[in-house]
Amino acid sequence: MTSERSEPSGITEVARYCSELIRIDTSNHGDDTGPGERAAAERVAEWLADAGYAPVLVESAPRRSNVVVRVPGTQPQLPALLVHGHLDTVPAQPAAWQVHPFSGEFADGCVWGRGAVDMKNMDAMMVTVLRDLVRTGRRPRRDLVFAWLADEEAGGARGAQYLVEHRPDLLEGCTEAISEVGGFSVQTAPGRHLYFVETAQKGLMWLRLTAEGKAGHASMLHPGNAVTELAAAVTRIGRHTWPLSLTPTTRELLRDVSEAFGLPYDEEDPTRALAALGPLARFVGASLRHVANPTRLAAGYATNVIPEQATAEVDGRFLPGGEEEFRTVLDALSGPHVRLDTIDRSPAVEAPFDSALVDAMRTALIAEDPGARVAPYCLSGGTDNKTFHHLGIRGYGFVPLRLPPGLDFASMFHGLDERVPLDALDFGVRVLTRLVTAY
């Protein structure tokens, strides 16, 4: 459990919760060897129980725990809303950070540490919203299901996937969900902000490339060298330029960004619209086309031996509606002498931007930031929303944060010196409270 320490004056409840969760190391190493999420899950459950809730702890493996709580609404006939965050983080190497990544330090108006952005900020906001509901006596219109999950960073087998397969009863009635990665702002002019709502996620296709040939002594001629065939295929895939391919989400995104920055809308060339986003351009730009990146290579056991087999792995991300085209192009790029096998796959998903939930997000944002506008975008990676999609739950990325100009927020996902402004956390609590009570 965490230790007591002093903190600057004026630190709000949500900031304290975020800091304390950061100080609980929940690094996910891709298996069950890490510290797990149990200590953090138990802390969240304590905060909820202290406010009068009855949270359910779901342990999917030793030290791998999830927390779920249902809040009854005044109109239980309405579909329920799922609000979820994950408690695990990717690992961090302290030597590369300005502060210790598990210190939860307060400095420069921010709380610092691994998870401050991804996504113990939202975990803390969720706890604070629920405790505020008790203090104020406010009740939501519809049932709310709040979930703090394990294992998102490694695919969710111990978290979202476990609930979907073993405890779907806890999610009964949920038709929509909000979680990472969205809701953050970009300043378009003084006092005006564009907030990005994630309405789509690319599909995932991990592939193994295998080239086979005849083994032999490396001093001989080997025209069918498996390494050579594989290297050529990997080069073709890695250097392939995927064309611009707009989906309903990304087309609307470019329109909204162009309008917000006073730029002409050019569907054929989004360069100016992306440039206006500053550091976020790389984050958003990856959602405008398919992506396939070679990531691993393996062949041989001795320098003087031609191996009979060489393999490589490719991380592929395809746009909604583009899976068949994506695989066809990769088959052609790999060539006739290299076999492609699927290692892992998850579908692309896309939820409507024109929806009552997005309207409620917009209303809640404008109430706290009169200069707010919203735009949809497609996430190039994936989140637990994709897992809950198997239960028919439409997922949106919405962690509302009004960010200062110049903060390279996107680069801090899995990056160094992760931090979130304290006033952004307070802003997020206010917006989320408005959203979950009014929707």
Can you tell which of 147, 177, 124, 160 is among the hydrophobic types (A, V, I, L, M, F, W, C), out of contact with any Phe, Trp or Tyr (no Cβ under 7 Å at 6 or more places or on another chain) and touching a residue at least 60 places away in the same chain (Cβ under 8 Å)? 147
Let me spell it out: the conditions are (1) under 24 Å from the mean Cα position of the chain (by Cα); (2) on the phi < 0 side of the Ramachandran plot; (3) not hydrophobic (A, V, I, L, M, F, W, C), and residue 321 meets all of them except one. Which number is the exception? (2)
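At least 3 residues that are touching a strand residue (DSSP E or B) at 6+ places or on another chain (Cβ under 6 Å), crowded, with 21+ Cβ neighbours inside 10 Å and touching a residue at least 40 places away in the same chain (Cβ under 8 Å) in each: list the strands (runs of 3 or more DSSP E) lying fully within the range 8-92 that qualify. Don't jump to the end; show me each part of the working.
Details: elements: 56-61, 64-71, 80-86.
In the range 8-92, the matching strands (runs of 3 or more DSSP E) lie at 64-71, 80-86.
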Quick one: count up the residues across the range 156-208 that are within 20 Å of residue 121 (Cα to Cα), part of a loop (DSSP other than H, G, I, E, B) and touching a Ser or Thr at 6+ places or on another chain (Cβ under 9 Å). 5
Residues of the range 158-185 being β-branched (Val, Ile, Thr), within 18 Å of residue 358 (Cα to Cα) and either buried (at least 24 other Cβ atoms within 10 Å of the Cβ) or in contact with a His (Cβ under 9 Å, 6 or more places away or on another chain) (or both), which ones? 178, 181
Taking first residues from the range 400-421 that are on the phi < 0 side of the Ramachandran plot and of a type in the set (Phe, Trp, Tyr) and second residues anywhere that are modelled with pLDDT of 95 or more and surrounded by fewer than 20 Cβ atoms within 10 Å (Cβ to Cβ), the pairs with Cβ under 7 Å that are 6 or more apart or on different chains are none
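When the range 319-340 is examined, which residues are found to be in a helix (DSSP H, G or I), buried (at least 16 other Cβ atoms within 10 Å of the Cβ) and out of contact with any helix residue (DSSP H, G or I) (no Cβ under 8 Å at 6 or more places or on another chain)?
Of everything in the range 319-340, those that are in a helix (DSSP H, G or I), buried (at least 16 other Cβ atoms within 10 Å of the Cβ) and out of contact with any helix residue (DSSP H, G or I) (no Cβ under 8 Å at 6 or more places or on another chain) turn out to be 323, 326, 327, 329.
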Considering the range 232-253, residues that are free of Cβ contacts under 8 Å to residues at least 24 places away in the same chain and in a helix (DSSP H, G or I), and then whichever is surrounded by the most Cβ atoms within 10 Å (Cβ to Cβ), we arrive at 251
Looking at the range 196-209, is at least one residue modelled with pLDDT of 95 or more, surrounded by fewer than 18 Cβ atoms within 10 Å (Cβ to Cβ) and not basic (Lys, Arg)? yes
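The values are calculated or read from the model by the stated rules, or taken from the named source; none is laboratory data. Small disclaimer: the values here were computed from a predicted structure and weren't measured. We place every Cβ from the backbone using ideal geometry, glycine too, and count neighbours over all the protein chains shown.
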